[in-house]
Amino acid sequence: MARITPAVLCGGVGSRLWPMSRALYPKQLLPLTSDRTMMQETLARVSDGSRFAKPILICNDEHRFLVAAQMQEMQVAHGGILLEPAGRNTAPAVALAALHAMKDDPDAMLLVLAADHRITRPDAFVEAVAAAEVAARDGRLVTFGIQPSAPSTGYGYIRMGEPTAAPGVHDVARFVEKPDAATAEGFLAEGTYRWNAGMFLLSAASYLEELARHAPDILDACRAAMAGAREDLDFVRPDEAAFLACRADSIDYAVMEKSDRAAVVPCDLGWSDIGSWEQLWQVGEKDAQGNVTKGDVLLDGVRDAYVRSEDKLVAVIGLEDVVVVSTADAVLVAAKDRAQDVKAIVDRLKAEGRDEHNTHVRVYRPWGFYEGIHLGDRHQVKHISVDPGSTLSLQKHFHRAEHWVVVRGTALVTRNEEELLVSENESVYLPLGCVHRLQNPGKVPLSIVEVQTGTYLGEDDIVRLEDVYNRAG
């Protein structure tokens with residue numbers, strides 16, 4: 001039997017997990033529940049090459065190098081990284097994956113997964129996929145219904161109908177929006193309702209047939225986008241104008257709620273949608289006082305708290321039911337039962353034109369990363385780390401000069417017509433307007449301290465003349 005192709009949806013910002021999750025480095029790319037990132041944990045669940053083909057990933061254009069780097073770190077080959085010009089929700093994203101998969105295999109089976117879900121029972125997950133596969137190969141669009149552990153108002157629900165011919169698979173009687181507390185309690189008491197996990201197993205052809213029936217405008221836009229797609233390094237870029245013309249809609253609204261081919265596999269996977277700090281507290285390993293801690297943390301008289309530090313020491317005294325999260329440039333302190341309201345802070349940051357919702361102090365690039373150390377009047381200090389063998393773009397600046405001091409490794413520096421090898425404890429000066437490039441020819445990361453001086457120090461003061469990563473601007 002042909003292998004199943006995972007289609008991993010890597011979009012989203014995860015603003016309720018600010019200040020760790022930010023627009024340019026969202027929660028699915030962070031190690032929130034283990035040493036691996038959420039996306040890497042998802043890929044690990046479908047790493048059995050005897051059952052699963054190379055995964056297709058659908059992600060934001062701005063996250064492309066992070067996604068590729070995290071796959072490379074796991075030594076996982078992909079079947080395509082599709083870059084959405086803008087988010088259009090899940091129905092168009094799955095359509096792109098289906099069209100891409102069918103180019104090589106008209107009978108492709110897609111296992112649609114979100115990159116930010118947690119599953120603690122991987123064996124049960126594999127069993128549920130095996131049950132769903134029988135129905136999906138018969139043309140059904142199969143979703144996974146999670147056994148509720150509480151009358152949650154944060155999830156949609158699926159009511160199971162009659163059993164199908166495929167063992168362990170039921171017709172879908174109805175989909176239900178997120179209910180109020182009383183309704184959710186009734187669902188649990190009735191016993192036929194399951195949480196809607198937003199995971200699906202379906203044949204690519206069956207999904208496109210149902211999309212043509214129920215949302216033909218989405219299918220037309222996605223077909224046009226993929227017809228005009230172009231390859232860019234390891235990535236596939238759907239035609240931007242065609243995709244932007246597509247309306248946003250979820251696979252549930254556009255297809256599943258209208259289709260007579262919808263089916264559900266009831267299952268208990270140890271599943272959770274990590275969408276808030278409270279949920280991370282719920283799934284975390286707790287001490288005797290019910291606290292979950294990560295990083296350099298000291299507690300005194302604290303109970304049922306989630307306290308996390310990404311850099312500095314964090315000390316908390318005499319508090320209960322709180323969330324405290326510290327990063328290099330922001331600290332969040334919240335009542336645990338208000339953890340969902342973090343999104344309101346993110347919205348305020350956006351409205352006030354601040355950048356803390358968007359980037360961290362450490363900003364990752366395809367060649368490594370840079371992080372701000374100090375920003376003053378007409379000067380700025382950064383730490384730059386360049387991966388072995390990596391190269392920055394050939395570039396120039398109109399408003400700033402730069403002074404590079406090598407603190408680890410050896411730098412190969414292009415400065416106008418010169419090429420210079422700069423070793424540890426040596427430096428090089430790049431005057432305003434000079435054409436320059438930084439390379440790491442060595443086998444260890446290159447670390448430099450960069451001092452910028454000038455009238456304008458923004459990141460958009462870069463004119464790229466050559467770039468191995470095909471970045472514009």
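The values are calculated or read from the model by the stated rules, or taken from the named source; none is laboratory data. On a predicted model such as this, the values are computed, not experimentally measured, just so you know. Positions of Cβ are generated from backbone atoms using ideal geometry, with glycine treated the same way; all protein chains shown enter the neighbour counts.
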Tally of residues being in a strand (DSSP E or B) and in contact with a Gly (Cβ under 6 Å, 6 or more places away or on another chain) across the range 402-430
0
What number goes with the only condition from (1) in contact with a helix residue (DSSP H, G or I) (Cβ under 9 Å, 6 or more places away or on another chain); (2) modelled with pLDDT of 95 or more that Val76 does not pass?
(2)
For the range 437-473, give me each residue that is in contact with a Leu (Cβ under 8 Å, 6 or more places away or on another chain) and either among the polar types (S, T, N, Q) or more than 16 Å from Arg365 (Cβ to Cβ) (or both).
Gln439, Asn440, Pro441, Gly454, Leu457, Leu465, Asn470
Going through Thr42, Thr33 one at a time, which residue ends up being part of a loop (DSSP other than H, G, I, E, B) and farther than 30 Å from Gly353 by Cβ?
Thr33
From Thr455, Thr391, which residue is buried (at least 17 other Cβ atoms within 10 Å of the Cβ) and either touching a residue at least 12 places away in the same chain (Cβ under 8 Å) or not assigned by TED's automatic domain parsing to the domain that holds Phe65 (or both)?
Thr391
Name the residue that is modelled with the lowest pLDDT, counting only residues in the range 20-35 that are closer than 16 Å to Ala328 by Cα and among the hydroxyl-bearing types (Ser, Thr, Tyr).
Tyr25
Closer than 30 Å to Ala227 by Cα, among the basic types (Lys, Arg) and surrounded by fewer than 14 Cβ atoms within 10 Å (Cβ to Cβ): which single residue out of Arg247, Arg348, Arg237 fits that description?
Arg247
Scan of the range 311-345 for residues that are in contact (Cβ under 8 Å) with a residue 40 or more places away in the chain and out of contact with any Asp or Glu (no Cβ under 9 Å at 6 or more places or on another chain), ordered by number:
Val331, Leu332, Val342, Lys343, Ile345
For Leu332, only one of the following conditions fails: (1) part of a strand (DSSP E or B); (2) in the same structural domain as Gly433 (by TED's automatic domain parsing); (3) not β-branched (Val, Ile, Thr). What is its number?
(2)
Name the one entry in Leu233, Leu244 that is assigned by TED's automatic domain parsing to the domain that holds Ala95, within 21 Å of the chain's Cα centre (by Cα), of a type in the set (A, V, I, L, M, F, W, C) and at pLDDT below 95.
Leu233
Selection count, the range 439-470, where residues are modelled with pLDDT of 95 or more, part of a strand (DSSP E or B), over 20 Å from His374 (Cβ atoms) and of a type in the set (A, V, I, L, M, F, W, C):
1
Filter the range 160-186 for residues that are closer than 26 Å to Ser276 by Cα and either among the aliphatic types (A, V, I, L, M) or crowded, with 18+ Cβ neighbours inside 10 Å (or both) and give the result.
Phe175, Val176, Pro179, Ala181, Ala182, Ala184
Out of all the residues in the range 360-368, is one or more in contact with a His (Cβ under 6 Å, 6 or more places away or on another chain) and of a type in the set (Val, Ile, Thr)?
no
Kindly provide the set of residues from the range 302-329 that are outside any loop (DSSP other than H, G, I, E, B) and among the charged types (D, E, K, R), ordered by number.
Arg303, Arg308, Glu320
Those residues of the range 237-256 which are among the basic types (Lys, Arg) and either under 28 Å from Trp195 (Cβ atoms) or in a loop (DSSP other than H, G, I, E, B) (or both), in sequence order:
Arg247
Across the range 25-47, what is the number of residues that are more than 21 Å from Gly284 (Cα to Cα) and either in contact with a Phe, Trp or Tyr (Cβ under 8 Å, 6 or more places away or on another chain) or basic (Lys, Arg) (or both)?
2
Of (1) more than 22 Å from Leu113 (Cα to Cα); (2) assigned to a strand (DSSP E or B), Ala263 satisfies every one except (1)
In the range 11-20, the residues that are assigned to a loop (DSSP other than H, G, I, E, B) and either in the same structural domain as Tyr306 (by TED's automatic domain parsing) or touching an Asp or Glu at 6+ places or on another chain (Cβ under 9 Å) (or both):
Gly11, Gly12, Gly14, Trp18, Pro19, Met20
Scan the range 61-70 and give yes if some residue there is touching a Cys at 6+ places or on another chain (Cβ under 7 Å), closer than 22 Å to Glu41 by Cα and not in a helix (DSSP H, G or I), otherwise no.
no
Could you tell me whether any residue of the range 406-427 is at pLDDT 95 or above and under 20 Å from Thr455 (Cα atoms)?
no
Would you check if there is a residue in the range 205-224 being at pLDDT 95 or above, touching a strand residue (DSSP E or B) at 6+ places or on another chain (Cβ under 7 Å) and more than 18 Å from Gly79 (Cβ to Cβ)?
yes
How many residues, within the range 247-265, are of a type in the set (A, V, I, L, M, F, W, C) and either out of contact with any strand residue (DSSP E or B) (no Cβ under 9 Å at 6 or more places or on another chain) or not assigned by TED's automatic domain parsing to the domain that holds Phe175 (or both)?
2
